[in-house]
1. At most 13 other Cβ atoms within 10 Å and a DSSP loop assignment: could you name the trypsin sites (Lys or Arg not before Pro) in region 439-483 that fit?
2. How much length, in nm to one decimal, is gained on full extension between residue 5 and residue 47, taken as 0.36 nm per residue of separation minus their Cα-Cα distance?
3. I'd like to compare 8-17, 401-410, 348-357: which one has the highest average count of other Cβ atoms within 10 Å, and what's the full order after that?
4. Gain in length, residue 33 to residue 15, computed as 0.36 nm per residue apart minus the alpha-carbon separation, to one decimal in nm?
5. For the pair residue 359 and residue 449, what calculated FRET efficiency results from E = 1/(1 + (r/R0)^6), where r is the Cβ-Cβ distance and R0 = 45 Å, to the nearest 0.05?
6. Quick one: grab the alpha carbon gyration tensor of region 394-483, order the square roots of its eigenvalues as a ≥ b ≥ c, and give me rounded if a/c is under 1.5, else prolate or oblate depending on whether a/b is larger than b/c.
7. When you count, for each residue, the other Cβ atoms within 10 Å and take the mean per peptide, how do 268-281, 358-371, 417-430 rank with the highest first?
8. For residue 284 and residue 177, what is the calculated FRET efficiency with R₀ set at 35 Å and r taken between the beta-carbons, to the nearest 0.05?
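Derivation of every value follows stated rules applied to the coordinates shown; laboratory data play no part. This one's a predicted model, so the numbers in the text were calculated from it and none came from an experiment. Counting neighbours? That spans all protein chains shown, and the Cβs are built from the backbone with ideal geometry, glycine included.
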Amino acid sequence: MDNFFAAISLFRRRKYDECIEVCNVLLQQNALHQGPWELKMRSMTQRVYIDDIEADDDVAEDILDTQTIATAPRPGTSIRTAILPVGTSGTTTASRPRTGTGRPITGISRPGTLSLQRPTSTLGNRTAGRRTASRTGTGSARTIRLGSASMFAVGDPTGPLFHISRLHPDKYADRDALSKPLFQYLYYHEGDIRKAMALCDAVLARRRPGASNITETSTTRTQDLGGSDWWWHTQKARCLLAGGSPREAEPYLRQALQDMPHPDVVLLLARIYVRLDQPTAALEVCRQGLERQPREVALLTQQARILELVGNLTASVRRYRQLAALDPMCTEALACIAVSYFYANQPETALLYYRRVLSMGAHSAELYCNIALCCLYGGQLDLVFPCFQRAIRMATSAELRADVYYNLSFVALTTGDIHLARRCLRLAIAANGSHASALNNMAVLVARQKQYPKAKSYLLAARSAHPGSDEIGHNLALIDHFQ
């Protein structure tokens, strides 16, 4: 078999390391052979490729920036007011447990939300909303600078593909077969947003002179960008979005959406509006995209997530039901529907959905913890502790172990085993010293023994971990009254 054909076969089978080795052999024989050079570049890109559309990890930071959003938006039109911590001014959505930012706990963990989740559920709240089936953690190219060029150059007999500092984008602008893989290599492999944007500008300038010299001001933002390739407009917007300029990226995505209503363009545009705290505009973009592609799973998922961010849980669950009908294997939709059933006092129905997720191979500590709580409220007590044992064995992080032990303490309180509840709360605090709910509940148990100074110390630690909790403040006032 010809070596170059063998390299192509390895690339199609996603054996990128072996493909790169074959390309190195071919380049040693002929350094000017463009085919192995391009194939090697594609393999190196695919080896570190990351879906940055799914990596929406900057929303939590941007929604707190009062320079870009209104300080007093109308209820239901702002993400900022929908996720305010409990006890602060803002709209509330439901009585289910919330994260440290006030967002209702859902059945799925998404990129950018793991670092924000802090349990704030009360002693009597149900806690089955813990993370169930995590999506693949991703990050944008500007946040994961891998340093891949120097890493892969070590031991590479052909050396690096080219020197990034000496790259002239105009040289590759009119070569369609090479410019696109080159952009992906610069953006995903090298993480060089500036060079990737320069290549986009060069291509747009070649296809329509003056397209890359548009001034992005408030008066010219709606200027027509011409009818050049939608893919390059999308990549230009992607670079601007990665560089922290969402408003400058908006007109490029609008033009790309006119040329080609691709789902990725719709998702990027909706992501921009979410970062600008304009969820209504993001929902409208998704609605228009669904009118053209009514069975597009990605758009339904994005719409359901935005509705959940603004606190419209009923409409969000409705979208997840549509998503589950189109994609029965979607663990996110099944987990969120299960959470809604649980907090609607239907633990048996929620257990059916969780078992469906479990049958698809999504084994995790969060899933077993939720199944245990569903069994508790469904009356299947013989399965509660075995599920918690599996959850404890599968818990990998300290915060996750703290959550599992906290839920187990709630089960012990429900069954009347105060000694077991105290031990579980101590283990939760030992795993995560800033677990506000565990500290608060531990203070309640200590106060029952009339150890008020010790209870106050637990409550002070809980308030420092979660200052906005009304429950902790109420308990502190009671402790001061008893003292």
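1. Details: sites: 448, 450, 454, 456, 463; in loops: 450.
Within region 439-483, the qualifying trypsin sites (Lys or Arg not before Pro) (loop, at most 13 other Cβ atoms within 10 Å) are 450.
2. Details: separation 42, 0.36 × 42 = 15.12 nm, distance 1.95 nm.
Contour length minus Cα-Cα distance gives 13.2 nm.
3. Values: 8-17: 14.3, 401-410: 25.4, 348-357: 20.9.
Top of the packing list down: 401-410, 348-357, 8-17.
4. On the way: separation 18, 0.36 × 18 = 6.48 nm, distance 2.12 nm.
Result for the pair: 4.4 nm of gain on full extension.
5. Details: r = 45 Å, r/R0 = 1.00.
Here the calculated transfer efficiency is 0.50.
6. Details: a/c = 2.26, a/b = 1.39, b/c = 1.62.
In terms of gyration-tensor shape, oblate.
7. Working: 268-281: 22.6, 358-371: 20.6, 417-430: 18.4.
Per-residue Cβ counts within 10 Å, averaged per peptide and sorted highest first, yield 268-281, 358-371, 417-430.
8. On the way: r = 37 Å, r/R0 = 1.06.
Between residue 284 and residue 177 the formula returns 0.40.
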